[in-house]
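Notes to accompany the following structure.
The values are calculated or read from the model by the stated rules, or taken from the named source; none is laboratory data. Nothing here was measured: the structure is a model prediction, and the numbers come from that model. So basically every Cβ, Gly included, is an ideal-geometry build from the backbone, and we count neighbours across all protein chains shown. Surface accessibility is based on the protein's heavy atoms, side chains included, excluding ligands, DNA and RNA. Shrake-Rupley method; radii C 1.70, N 1.55, O 1.52, S 1.80 Å.
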Amino acid sequence: MTALPHSPCLGPPGLASIDAVTDGLAGVGYISTRPISTAVYLAHHLRKPVLIEGPAGVGKTDLARSMARALGYPLLRMQCYEGLDESKALYEWKYGKQLLYTQILKEKIHDLVADADGLDASFAKLGDFQDLFFSRDFLEPRPLLKAMEQTGGSVLLIDEVDKSDEEFEALLLEVLSDYQVTVPEIGTIEAKVPPLVMLTSNATRELGDALKRRCLHLHIDFPDAERERRIVRARVPEVSDALLTQLVAFIQLVRGENLRKLPSISETIDWARTLVLLHAEALEPTMVRDTLNVILKRQNDIAAIAAKADPLTQAAIAEAA
């Protein structure tokens, strides 16, 4: 069964069922799996963020981008890093505009209080302008607050959350629990339409239990050969069937080697484009050696695979036959 008949949050047709999610992603070139589509579907209907973990380059970030395209939603991306704070994630005040306002107020202060009867009345008049100083007009929203303010829905991508500090996790808890942001000078700003929230992690550090409890968990691993062929076919439609089968078989064999950095899906796609550009009809060892820098990014890895280029190429050709 692929729908929740009593869901309180039906939303757009692209999120009406698990199959609709799969079809929508396929329409923008993202080849999903049942677990991936299920996690996205539940994230919307249960109003929970989804925490996506897995090796670098398996399509975690691309899932958020593709979902935004499939739904026609704006993508609001926040790249995490050590030292990230609320001024970069939530909001900051437009200090230049506040300074200009202060100068104007200073020049006009005599006119403002001219008809005031006494000191208390003068302060009361100025108090109204002090409130304006910390009003929404002077607030510069950052990705988290922008997502709360979208009236037509959005996809909020919190990318590589494991690179941020533990303090930043605490900052996320209110946002991810209630889809709201508190600005002390203004109050609480609730989401008009809760965003579809995706967090990605490469597991460089263990995330806190409080954050994990608020999220659905999704692990994306490197694809099997069949899915990888479909992914490359969607992104590089001009590649021949024979070459596609061989290059994917080669990539799958390379991922079985003891390398420091395994080739990602995006690198498989780049290699397919490279081989098409070079008018390759089939793999052959010399061309493989010449283009290893497309799929491998460390010299030691390139040297290790170059030394095995002949047997790996032959094995890929045989497997594809």
>> Only one of Val58, Val21 is part of a helix (DSSP H, G or I), surrounded by 19 or more Cβ atoms within 10 Å (Cβ to Cβ) and at pLDDT 90 or above. Can you tell me which?
In response: Val21
> How many residues does the stretch 171-194 hold that are part of a strand (DSSP E or B), open to solvent by less than 30 Å² (accessible area, probe 1.4 Å) and β-branched (Val, Ile, Thr)?
Replying inline: 3
>> Tell me whether the stretch 141-155 contains one or more residues that are closer than 25 Å to Glu206 by Cβ, at pLDDT 85 or above, open to solvent by less than 20 Å² (accessible area, probe 1.4 Å) and hydroxyl-bearing (Ser, Thr, Tyr).
In response: no
> Quick one: Ala321 ticks every box in (1) modelled with pLDDT of 95 or more; (2) of a type in the set (A, V, I, L, M, F, W, C); (3) surrounded by fewer than 17 Cβ atoms within 10 Å (Cβ to Cβ) bar one, so which box is it?
Replying inline: (1)
> What pairs can you find where one residue is in the stretch 179-204 and touching a residue at least 60 places away in the same chain (Cβ under 8 Å) and aromatic (Phe, Trp, Tyr), the other is open to solvent by 10 Å² or more (accessible area, probe 1.4 Å) and assigned to a loop (DSSP other than H, G, I, E, B), and their Cβ atoms are less than 6 Å apart, with a gap of 6+ or different chains?
Replying inline: Tyr179/Ala191; Tyr179/Pro194
> Before we move on, is Lys97 over 10 Å from the mean Cα position of the chain (by Cα), within 18 Å of Asp159 (Cβ to Cβ) and at pLDDT below 95?
Replying inline: no
> Within the stretch 63-74, can you find the residues that are surrounded by fewer than 17 Cβ atoms within 10 Å (Cβ to Cβ) and either of a type in the set (A, V, I, L, M, F, W, C) or within 24 Å of Phe168 (Cβ to Cβ) (or both)?
Replying inline: Pro74
> List, please: which pairs have Cβ atoms under 6 Å, are six or more places apart or on different chains, and start with a residue in the stretch 141-163 that is more than 21 Å from Asp62 (Cβ to Cβ) and end with one that is part of a helix (DSSP H, G or I) and of a type in the set (Val, Ile, Thr)?
Replying inline: Leu144/Val175
> Looking at Phe129, Phe168, which one is over 19 Å from Pro49 (Cβ atoms), among the aromatic types (Phe, Trp, Tyr) and either at pLDDT below 90 or in a strand (DSSP E or B) (or both)?
Replying inline: Phe129
> Taking the stretch 229-246, which residues are in a loop (DSSP other than H, G, I, E, B) and without any contact (Cβ under 8 Å) to a residue 24 or more places away in the chain?
Replying inline: Pro237
> So which of Val239, Val197 is open to solvent by less than 50 Å² (accessible area, probe 1.4 Å) and over 21 Å from the mean Cα position of the chain (by Cα)?
Replying inline: Val239
> Among (1) at pLDDT below 85; (2) open to solvent by 70 Å² or more (accessible area, probe 1.4 Å), where does Arg77 come up short?
Replying inline: (1)
> Among Gln246, Gln314, which is surrounded by 15 or more Cβ atoms within 10 Å (Cβ to Cβ), over 30 Å from Leu156 (Cβ atoms), of a type outside the set (A, V, I, L, M, F, W, C) and out of contact with any Asp or Glu (no Cβ under 6 Å at 6 or more places or on another chain)?
Replying inline: Gln246
>> Looking at Glu281, Glu226 in this structure, which one is open to solvent by 20 Å² or more (accessible area, probe 1.4 Å), more than 19 Å from Lys297 (Cβ to Cβ) and in a loop (DSSP other than H, G, I, E, B)?
In response: Glu281
>> Step by step: first the residues of the stretch 247-278, then only those that are polar (S, T, N, Q) and part of a loop (DSSP other than H, G, I, E, B), then the one that is farthest from the chain's Cα centre (by Cα). Which residue is that?
In response: Asn258
